[in-house]
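Accompanying notes for the structure given below.
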Number of protein chains: 2
Amino acid sequence: MSKINDNFKQKVASIPTIKRLPSYLNLVKRASQEGVEIISATNIAKELDLEPIQVRKDLAVTGIIGKPRIGYNVNELFQAIQSFLNWDKKHKAIIVGTGNLGSALMKYGELKNHGLTIVGIADASPEKIGTEKNNLTISDVNDLPALIKKTGATMIILTVPPSEAQNVAEVINDTDIKAIWNFTNVKLKVSDRILVLMEDLSSGYAVLSFHLPFYKENEDTE
Amino acid sequence: MSKINDNFKQKVASIPTIKRLPSYLNLVKRASQEGVEIISATNIAKELDLEPIQVRKDLAVTGIIGKPRIGYNVNELFQAIQSFLNWDKKHKAIIVGTGNLGSALMKYGELKNHGLTIVGIADASPEKIGTEKNNLTISDVNDLPALIKKTGATMIILTVPPSEAQNVAEVINDTDIKAIWNFTNVKLKVSDRILVLMEDLSSGYAVLSFHLPFYKENEDTE
């Protein structure tokens with residue numbers, strides 16, 4: 001689960017709607033692989049445990065129109081979501097912070113599949129600057145404006161320690177960067193032009209922590 | 001966004017409902033910090049862009065009862081969600097795979113705040129086994145059953161390379177492990193007793209990739 005700064009709420013589609021779209025996309029992709037041609041909002045709702053009205057509203061933002069009492073064409077729906085999320089286009093990002101999380105994200109395959117290319121990496125540690133990682137040379141955080149210009153990057157993936165986060169925000173504030181994917185827990189002060197998405201892994205953990213006690217019970221009664 | 005194996009669907013509360021609860025919790029926490037005492041389902045729905053009926057259904061699983069036309073007591077709602085998710089209890093986990101992502105998760109503060117303690121780490125690389133990381137000695141993956149017994153861990157956080165994932169699943173299959181948080185993209189074959197949650201960062205990325213083109217438009221018209 002992740003949070004977004006208030007300035008970008010309710011623009012064409014709402015953030016929660018957009019965040020649900022990848023799970024629709026996964027479902028539709030699976031259906032397509034299984035040879036399913038038509039899928040109904042009711043079935044999608046059942047599968048993802050949402051209300052059918054929510055599914056219809058969410059999918060409507062992509063512009064797709066389902067046939068009443070029949071459903072959506074699976075391939076059309078896949079294309080519509082993919083195109084709506086701009087996952088069929090290329091995006092360039094710079095990872096700032098080359099510690100464990102930054103290094104992990106450099107190799108994260110799912111992002112590559114959705115059009116993301118890492119065109120640069122940067123760090124604040126003098127001993128790291130100038131060295132190589134994943135075939136990219138680590139730039140100085142203070143040289144980010146030049147790196148952004150050179151690479152044409154529009155997104156920053158921020159994985160620096162909390163104490164360095166706001167400094168990075170200030171360095172890139174007047175560049176062509178349009179979005180920051182913020183993996184620190186710092187609420188950044190940046191220009192209103194820049195979309196900040198705060199990432200938080202708690203929602204996955206919630207599912208696990210909720211279920212743990214049930215297993216014990218099951219075991220005791222076995 | 002993340003996926004879960006089918007065996008664990010619809011047990012008391014649905015997975016999508018559980019996954020929405022942390023965002024309710026964040027909202028309620030913020031409201032509490034701002035001195036708000038009562039919050040209505042309609043306001044929560046507006047804030048998170050859900051249908052009010054969805055909010056009422058989701059929150060009902062925690063056992064909380066709102067007052068008609070008034071709403072929920074903020075502190076009671078906070079306690080109810082926290083307790084429902086077992087975030088007020090302690091959980092023990094072992095991280096398997098001490099590469100970049102595993103190392104990043106060892107230090108991930110949000111999980112600590114929700115009761116998670118990392119009690120052990122393991123790896124398959126002979127050169128890593130026996131060395132220390134974050135004050136823990138790296139165990140051999142094949143010694144996991146003994147480590148699980150010794151520590152009382154009930155959760156595995158799996159961050160190994162895809163080719164090693166199924167082997168880990170088999171090693172822990174007959175232990176007291178109740179849940180695997182699977183950061184690999186491998187669909188694991190494990191005992192039905194074990195909950196597997198597949199983690200995927202694509203849903204955060206969806207929000208960013210969706211918004212990127214809008215910025216360009218805004219810029220062009222400035």
Calculate the all-directions average of the projected area of the protein assembly as shown's alpha-carbon convex hull, and give it in nm². 23.0 nm²
Name the long-range amide H neighbours of B:LEU195: under 5 Å, sequence gap of 5 or more, or other chain; modelled H, no Pro or chain starts. B:ALA179, B:ILE180
One would report the antiparallel percent of DSSP beta bridges in chain A, rounded to the nearest 5, as 30 percent
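Please state the relative contact order of chain B as a whole percent: Cα pairs under 8 Å, 6+ residues apart?
Relative contact order for chain B comes out at 18 percent.
Please give the FRET efficiency for B:ALA60 paired with A:ARG193, using the beta carbon to beta carbon distance and R0 = 60 Å, rounded to the nearest 0.05.
Using R0 = 60 Å, I get an efficiency of 0.90.
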The orientation-averaged projected area of the Cα convex hull of region A:1-121, in nm², is 8.8 nm²
At 1.4 Å probe size, what's the solvent-accessible area of A:ARG56? Round to the nearest 10 Å². 120 Å²
Under the Karplus relation with 6.51, -1.76 and 1.60 and θ = phi - 60°, whole-Hz ³J(HN,Hα) for region A:74-80, x at Gly and Pro, equal 4, 5, 5, 5, 4, 4, 5
Taking the label point 7 Å from Cα along the Cα-Cβ vector, the copy-to-copy distances for A:SER40, listed from shortest in nm with one decimal, are 3.5
Max mean-square fluctuation residue, GNM over chain A, Cα-Cα springs under 10 Å, options A:VAL96, A:VAL160, A:VAL28: A:VAL28
Quick one: if you stick a label point 7 Å off each Cα along the C-beta vector at A:GLN79 and A:LYS149, how many nm between them? 4.2 nm
For the B:ASN134, A:ARG69 Cβ pair and Förster radius 56 Å, calculated FRET efficiency rounded to 0.05 is 0.45
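What FRET efficiency would be calculated for the residue pair A:GLN166, A:ASP49, taking the C-beta separation as r and a Förster radius of 45 Å, to the nearest 0.05?
Once the sixth-power term is evaluated, E becomes 0.70.
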Phi to ³J(HN,Hα) by Karplus 6.51 cos²θ - 1.76 cosθ + 1.60 over region A:139-149, Hz, x for Gly, Pro: 8, 6, 3, 6, 8, 3, x, 5, 5, 5, 4
Find the accessible area per residue for the protein assembly as shown; the probe is 1.4 Å, ligands and nucleic acids are left out, and the unit is Å². 47 Å²
Have a look at A:ALA124, A:THR154, A:ILE138 and report the one farthest towards the positive end of the charge dipole of region A:91-201, computed about the Cα centre with Cβ charges (Lys/Arg +1, Asp/Glu -1). A:THR154
For region B:38-48, just list the computed ³J(HN,Hα) in residue order, Karplus coefficients 6.51, -1.76 and 1.60, θ = phi - 60°, integers in Hz, with x standing in for Gly and Pro. 10, 9, 9, 4, 5, 5, 4, 4, 5, 5, 9
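Kindly flag which residue pairs out of A:LYS189/B:LYS90; B:LYS128/B:LYS178; B:LYS46/B:LYS92; A:LYS92/B:LYS189 have an alpha-carbon separation exceeding 30 Å in this structure.
The answer is A:LYS189/B:LYS90; B:LYS46/B:LYS92; A:LYS92/B:LYS189.
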With chain A rotated onto chain B, spot the residue of A whose Cβ lies nearest the axis and note the distance in whole Å. A:ASN100, 2
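Would you mind checking the pairs A:LYS57/B:LYS19; A:LYS57/A:LYS149; A:LYS112/B:LYS107; A:LYS112/B:LYS149; A:LYS57/B:LYS57 and listing those with alpha carbons more than 29 angstrom apart? Walk me through the numbers on the way to the answer.
Working: A:LYS57/B:LYS19 20 Å; A:LYS57/A:LYS149 39 Å; A:LYS112/B:LYS107 26 Å; A:LYS112/B:LYS149 39 Å; A:LYS57/B:LYS57 18 Å.
In this structure, A:LYS57/A:LYS149; A:LYS112/B:LYS149 exceed 29 Å between Cα atoms.
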So if I place +1 on the C-beta of Lys and Arg and -1 on the C-beta of Asp and Glu, and nothing else carries charge, what would the dipole magnitude of region B:35-118 be about its Cα centre? I want it in debye, nearest 20. 260 debye
Shortest first and in nm to one decimal, what separations exist between A:THR137 and its copies in the other chains, measuring from label points 7 Å along the Cα-to-beta-carbon line? 4.4
Kirkwood radius from Cα pairs of region B:91-201 plugged into Stokes-Einstein at 4 °C, 1.567 mPa s, gives D in µm²/s equal to 95 µm²/s
Residue-level accessible surface for B:GLU76, protein heavy atoms, 1.4 Å, Å²: 110 Å²
Ignoring everything but the protein chains, give the 1.4 Å probe accessible area of B:GLU170 in square angstrom, nearest 10. 110 Å²
Please work out, to two decimal places, the log10 of the ratio I(q)/I(0) at q = 0.16, 0.17, 0.19 Å⁻¹ from a Debye calculation in which every Cα of region B:15-85 carries one identical scatterer. -0.45, -0.51, -0.65
P(r) for chain B: what percent of alpha-carbon pairs falls in each 10 Å bin, starting at zero? 7, 27, 28, 22, 13, 3, 0
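The values are calculated or read from the model by the stated rules, or taken from the named source; none is laboratory data. Everything numeric here is computed off the predicted structure, so don't read it as measured data. Because the Cβ atoms are built from the backbone with ideal geometry, glycine has one as well, and the counts that use them run over all protein chains shown. For the accessible areas, the whole protein counts, side chains as well, though only heavy atoms, and no ligand, DNA or RNA atoms are used. Shrake-Rupley method; radii C 1.70, N 1.55, O 1.52, S 1.80 Å.
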